[in-house]
Amino acid sequence: MSTLCEALAAIVGPEYVSDRPEELYIYSMDPGTMPACLPDAVVLPDTTEQVCRIMELANQRKVPVVPLGAGLVLSGLSRPLRGGIVVDMKRMNRVIEVNPMSRYALVEAGTSQGMLQAYLKKHHPQLKHSCPDAPPAATVAGNVSIHGSGHLSLVGGFHSDMLNGLEVVLPTGKLVRIGSCSASPYWFARAPLPDLAGLFLGWAGTTGIITRLAIKLYPNHRFNDVDIFVCEDPELMPDVMYRLSGTQIGEDMTAWMSPKPDWARGFLHCNISYGAGSKEELIWKRNLIRASVRPIIDRKTGGFMPLPKAMKHPFLEVPGRTLSRFADVRKGGGFEYVGAIMPVDLFADAYRIGLEIAADLRVSYSLGARVIGANHCMMFFFAYAFNRADPQDVKQAQNALARTNQRVIAIGAIPWKAEAPAQKEIIGRMDPGAFDLIQAIRKVLDPQGIMNPGNWEIN
Amino acid sequence: MGTLNHDPLVCERCPTCDCLTGCQYMRFDLEAARREKQKILRGEHSQVLNDCATCYACEERCPNANHPFYQIVELQEKRGLLPVPAPITRQQQIMMQPRGTMVPARVAKPVIDMCYFPMLTGCVRGRLFEGASMIVGSDIFCNIMWLHFGKTSVIRERLPRMIDNIWNGYLKDSGVDEIVCFHDECYGTFTQLAPAFGIDVPFRCVHLFEYLAGRLDALADQVKPINAKVAYQRPCSNRLAPGTRHWVDDIFTRIGVERVKRTYDGDNALCCGQVLRAHQKDDLADDVQARNIADMVRAGAAYCVFNCPACMITLAEAVAEAGITPILMSDLCQMALP
Amino acid sequence: MRHADILHRCFRCGYCKLPGNYADFNCPAYLERRFETYSPGGRMWLIRAWLEGRIKTSPRLQDILFSCTACGNCVEQCTLANIKDQLLMAFTAGKEQLLAGGAVPPAVRDCLERLQKYGNPYGVARRKRADWAVSTAVAAFAGQDHLFWVGDEGAYDPRGQQIARSVAGLMARLGVSFGILGADEVSDGNEAKAMGEYDLFEELAATNTAAFAAAGAGSIIALSPHGFNALKNDYPKSGGALAVQHYTQVVAARMAKARFRDDGPAQTVTYHDSCYLGRHNKEYWSARKVLAAVPGLKLVEMERNLQNALCCGGGGGNLVTGILGSGADAAARVRVREAVATGAQVLAVACPTCAIMFEEAVKQEKLEGCLQVREISEIVAERMA
């Protein structure tokens, strides 16, 4: 029998397989704090057919498989916890189709956020997709499949809500089309068929490898602005967010609370971005936004920062670069965050948890929250920077993350893209019936137990 | 030190109440003006405290130099009436606080005081500023901006230290007793605001435009007329130093530009609007900016000339979209020295 | 190792793989190989792991490090202001470490040995350095206004020699006064330095600097942007300080003197910003000015232009060592496809390395019918009266 690498090379060609120490090293970890887990091989497929054959091979040999986008999860979900094959999907990065009238784009799973954005700007400038605040190298599929959020989440919810359909390779190697594309040439919705897409959203790559996906697009307005509301009382924030989101004007609403620069410390900012087809419409929208929080402004307990247009560019940049720069706060190239999904009502509690943990453990932190839908919930993030060359610093960040996970779960939040330890915490609180169902479905889809094993398990 | 030099009796007896009757943002006939003025004199609430655009113009309008604007600001603070919401007021105070990072240094005349605009130090270049020293930073920030925030207390607290930093950190040991204020706000602070509040200023101030006019004279044989029509955006702080108004025309004559005749110039100059946005009055800011720019367009201006960097940052994009080139006065002079 | 203190500060965010408009992968090594190890971020982490003994020296590691073409896209795009300027220097330092341990790809070793022995990477005798100028009017430098720095490709590569003759001819027609050093010239050392051979670079620089001094040269016009880069930026640190220009800068200033025929065919041209003119030295406009002054040309821009240009893949010694291969994802092939996508018939270059790389790529892409690679001076000269 051929070695694993030889067998993989027969599928993708020898130049796109590696079991060399260099690749194994780099693919064993992501830029977060989770420790390295070495794969046995790394493979770079270029077609869905190749992915199917890789999966069949892995099944035959009972070798774990871990799908990988850009590896920017930061919570280590793309580390091969039990070894096996890391499938780096980024060669599959073609934009296959854009349907402007129905506003959707069909892309290969390795397509990056940046390339999709560039493609749309060039070919369909009147359309845009919801881009997360991850670096542009992050993949669309990776972010959708972990319930990511971004610059249109105020309008469209989680990025998983913006999914119209999937082409997925099941753990057995079988290829499936899910959504309207299953019974129609068009990828316009998941309705009205039985919705199988949920089997691949939030499952941390344990149910299959997405090879194609169609996502909703939205109008890309010519005129754009961002307003930044400032207050000092975290108890006020839910009301601020409720009012602002109630205008149904904004595209994105993200709060940020950072100890640096010094003028930001102790203040709560809420950015609301919006766009319009004309300047008049932009001003009209701005006025609606103003009016929604007028009672708070009149009490002088909050107001919009008087930022001239020229100084708003960093806040209008999509994706924003500030989060990447946060990695250098401790001159150590690292940060990781807990993104706790929770109701907006819990804002003040979450904020206090963040401040307490940061003060207690003396970690460099940044806090913020992105509102999902019409204030339906928020992704409250607790980001901690660390110096990866200092094991003590890494440990401290890990402690902060672990404690944050515990505390937010305790108040009723659920961390997204939870790393293995946090998964266990969540499972501990989960409805046993729901967890049993998860396990049962995994057994059906993945009888050999090869898909990203070690995640969402009890033992 | 610190008490406003103001005689209430002068206001009591003033027959014209120009401060309020001439206001561009509030409408008062003489009777209403007197009524509101009395409330202010008695330290009571007046709608003026809410509606004042803080454009400084009444400081210029008052025939008695009795500081009607400063009276308003003092009363706003006394009554806890914040024109700008509290969080923003507090945040700005932190943003603009002295960092204590200044390094005392020797300077030589002309000393150009760039206030807290480090991004504009590139303006000090070429023949126009030959041999100039420059001072800049948070530790010499003039702090006049707190007049827009109803916070004279911050001025009282910080300004003496700024003056001390300039004098003892740069000027005294260099044997220099004079600075050129790049920004009108500094000039107004040191020549009018400080004395009004009884704060000593041990150095003299030269207005940037006086300096520029002098340099243009010295370089007269190298000056090439620009031959363009320009609008001038008079900043609010120039209301504190109306005696410097003529320098604008003096410079324009020397560099061969025509100052267009327009409504919102000189006595009728309009606020750039940024402060109005800080006051959360966007509709008013929109209106003021639109009128101002439409006025420039109607008058056929090719350039809008600024003294104040804040005015420029605020209006540059809108001015440019209207087909007019925004430019600082010093950069316009640079154009005349190709 | 120098710059080792920044290695751990890389967040592997991946901005370095992309241009400013995110249009497609812009790191030639990553574009071709697609393993994260070949991205600038991967390299940073690997060098650190290697220095700390967590991975060992190996042919793979050598390949990873020496596949860097020193294009500078990572320096341009890195979001971390405090480390971005050192990125390339860190990779070069990594190469230097490998060289110190004698662990380099054979092609690199051979190239450096030839540079050491012959003063050029082709292994051709030094005395033949001026052969390209035989039967031209190009004279030896003897006090003319400028020294024309021909460089290795211009002196020894057949295509480079054509370009050298074309550039020299154009400059002469525009009244530029220049001469060449001929056999007194050795490699400018730009590629040696990019391959981590600092000592060899210093030797080459010292030889050339002495030659400049002996000849009394005060101003240099470089043919190749690689030479331009070394002479302008690195030679002063090694003791030689002269006025250095790229020939397009000189020609751009003299285009008013050029007389053109009006019978030239209308052509659409797209200009490729070579790394050592563009990103490294921020010189984006001289060549464009030159082209804009030529009648009958319509200039179009590629999607990735100016500081976003995709490197031809020939830097870091790769023109000679061939570490980066020629598959469909090879940078030069991707670039010529991009040129064709603009609708241009001509891909204009101001660098002999780029010319050689792109002409090969056009053949591999079977685009001979639709895209011509022309050097700037050739485009100008063929339309001059």
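Of the helices (runs of 4 or more DSSP H) lying entirely inside the stretch A:293-395, the ones with 2 or more residues being closer than 25 Å to B:ILE88 by Cα and within 14 Å of chain B (Cβ to nearest Cβ) are found at A:294-298, A:313-316. Residues satisfying the criterion are absent from the stretch A:206-217 (criterion: closer than 24 Å to A:ARG53 by Cβ, free of Cβ contacts under 8 Å to residues at least 60 places away in the same chain and touching a strand residue (DSSP E or B) at 6+ places or on another chain (Cβ under 7 Å)).
Restricting attention to the stretch C:1-33, which residues are outside any loop (DSSP other than H, G, I, E, B) and either closer than 18 Å to C:ARG337 by Cβ or more than 7 Å from chain A (Cβ to nearest Cβ) (or both)? Listed by number, the residues that qualify are C:ALA4, C:ASP5, C:ILE6, C:LEU7, C:CYS16, C:PRO28, C:ALA29, C:TYR30, C:LEU31, C:GLU32, C:ARG33.
Identify, please: which residue in the stretch C:1-35 is crowded, with 21+ Cβ neighbours inside 10 Å and of a type in the set (Gly, Ala, Ser) and is, among those, nearest to C:GLY315 (Cα to Cα)? This residue is C:ALA29. Here B:LEU30 does not fit the description of being in contact with a Phe, Trp or Tyr (Cβ under 7 Å, 6 or more places away or on another chain), farther than 12 Å from B:ASN66 by Cβ and modelled with pLDDT of 95 or more.
So is B:ASP295 outside any loop (DSSP other than H, G, I, E, B), out of contact with any Leu (no Cβ under 9 Å at 6 or more places or on another chain) and away from chain A (no Cβ under 13 Å) or not? Spelling it out, it is not the case that B:ASP295 is outside any loop (DSSP other than H, G, I, E, B), out of contact with any Leu (no Cβ under 9 Å at 6 or more places or on another chain) and away from chain A (no Cβ under 13 Å). Would you confirm whether or not the stretch A:253-261 contains a residue that is at pLDDT below 95 and not assigned by TED's automatic domain parsing to the domain that holds A:ASP345? Within the stretch A:253-261 (the criterion being at pLDDT below 95 and not assigned by TED's automatic domain parsing to the domain that holds A:ASP345), the answer is yes, since at least one residue qualifies. Scanning the stretch A:110-124 for residues that are within 13 Å of chain C (Cβ to nearest Cβ) and surrounded by fewer than 24 Cβ atoms within 10 Å (Cβ to Cβ) yields a total of 7.
Would you confirm whether any residue within the stretch B:7-22 is surrounded by fewer than 18 Cβ atoms within 10 Å (Cβ to Cβ) and touching a Ser or Thr at 6+ places or on another chain (Cβ under 7 Å)? Within the stretch B:7-22, not a single residue is surrounded by fewer than 18 Cβ atoms within 10 Å (Cβ to Cβ) and touching a Ser or Thr at 6+ places or on another chain (Cβ under 7 Å). Right, A:PHE315: touching a residue at least 40 places away in the same chain (Cβ under 8 Å) and more than 29 Å from A:GLY412 (Cα to Cα) or not? Criteria met by A:PHE315. In the stretch A:278-292, the qualifying residues are those that are small (Gly, Ala, Ser) and assigned to a helix (DSSP H, G or I), and the one that is farthest from the other protein chains (Cβ to nearest Cβ) is A:SER292.
Filtering C:ALA361, C:ALA309, C:ALA341, C:ALA348 for residues that are within 14 Å of chain A (Cβ to nearest Cβ) and at pLDDT 95 or above leaves a single hit, C:ALA341.
Looking only at residues in the stretch A:1-29 that are surrounded by fewer than 22 Cβ atoms within 10 Å (Cβ to Cβ) and in contact (Cβ under 8 Å) with a residue 24 or more places away in the chain, the one that is nearest to the other protein chains (Cβ to nearest Cβ) is A:TYR16.
Each row is one residue, and each column tells you yes or no for (1) within 11 Å of chain C (Cβ to nearest Cβ); (2) surrounded by fewer than 24 Cβ atoms within 10 Å (Cβ to Cβ); (3) over 30 Å from C:ALA341 (Cβ atoms).
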position: A:VAL98; (1), (2), (3): no, yes, no
position: A:LYS128; (1), (2), (3): no, yes, no
position: A:VAL144; (1), (2), (3): no, no, no
position: A:LEU154; (1), (2), (3): no, no, yes
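Yes or no, residue by residue, for (1) in contact with a strand residue (DSSP E or B) (Cβ under 6 Å, 6 or more places away or on another chain); (2) under 21 Å from C:PHE91 (Cα atoms); (3) not in a helix (DSSP H, G or I):
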position: C:ASN233; (1), (2), (3): no, yes, no
position: C:ASP262; (1), (2), (3): no, no, yes
position: C:THR268; (1), (2), (3): yes, no, yes
position: C:SER274; (1), (2), (3): no, yes, yes
position: C:ARG279; (1), (2), (3): no, yes, yes
position: C:GLY316; (1), (2), (3): no, yes, yes
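Looking only at residues in the stretch C:91-103 that are under 19 Å from the mean Cα position of the chain (by Cα) and of a type outside the set (Val, Ile, Thr), the one that is farthest from A:LEU323 (Cα to Cα) is C:LYS95. Filtering the stretch C:360-385 to residues that are outside any helix (DSSP H, G or I) and closer than 14 Å to C:VAL349 by Cα leaves C:LEU371, C:GLN372, C:VAL373, C:ARG374, C:GLU375.
Comparison of A:LEU236, A:LEU244 shows that the only residue that is over 24 Å from A:VAL107 (Cβ atoms), modelled with pLDDT of 95 or more and within 13 Å of chain B (Cβ to nearest Cβ) is A:LEU236.
When B:GLY266, B:GLY256, B:GLY323, B:GLY273 are checked against the criterion of being on the phi > 0 side of the Ramachandran plot, within 14 Å of chain A (Cβ to nearest Cβ) and small (Gly, Ala, Ser), a single residue qualifies: B:GLY273.
Scanning the stretch C:224-247 for residues that are modelled with pLDDT of 95 or more and aliphatic (A, V, I, L, M) turns up C:ALA230, C:LEU231, C:VAL244.
Scanning the stretch C:268-285 for residues that are touching a residue at least 60 places away in the same chain (Cβ under 8 Å) and buried (at least 17 other Cβ atoms within 10 Å of the Cβ) turns up C:VAL269, C:THR270, C:TYR271, C:HIS272, C:SER274, C:CYS275, C:TYR276, C:LEU277, C:ARG279, C:HIS280.
Within the stretch A:104-129, residues that are more than 22 Å from A:LEU68 (Cβ to Cβ) reach partners that are basic (Lys, Arg) and in a helix (DSSP H, G or I) with beta carbons closer than 9 Å, at six or more positions or on different chains, in the pairs A:LYS128/A:LYS121.
For the criterion of being touching a helix residue (DSSP H, G or I) at 6+ places or on another chain (Cβ under 6 Å) and at pLDDT below 95, A:GLY303 fails. In the set C:LEU347, C:LEU299, only one residue is under 29 Å from C:ALA258 (Cα atoms), buried (at least 21 other Cβ atoms within 10 Å of the Cβ) and touching a Phe, Trp or Tyr at 6+ places or on another chain (Cβ under 8 Å); that residue is C:LEU347. Annotation note: of A:LEU175, A:LEU217, the sole residue that is over 24 Å from the mean Cα position of the chain (by Cα) and not hydroxyl-bearing (Ser, Thr, Tyr) is A:LEU175.
The values are calculated or read from the model by the stated rules, or taken from the named source; none is laboratory data. Fair warning: this is a prediction, and the values are worked out from it, not measured in the lab. Cβ coordinates were reconstructed from backbone atoms using ideal geometry, including for glycine residues, and neighbour counts include every protein chain displayed.
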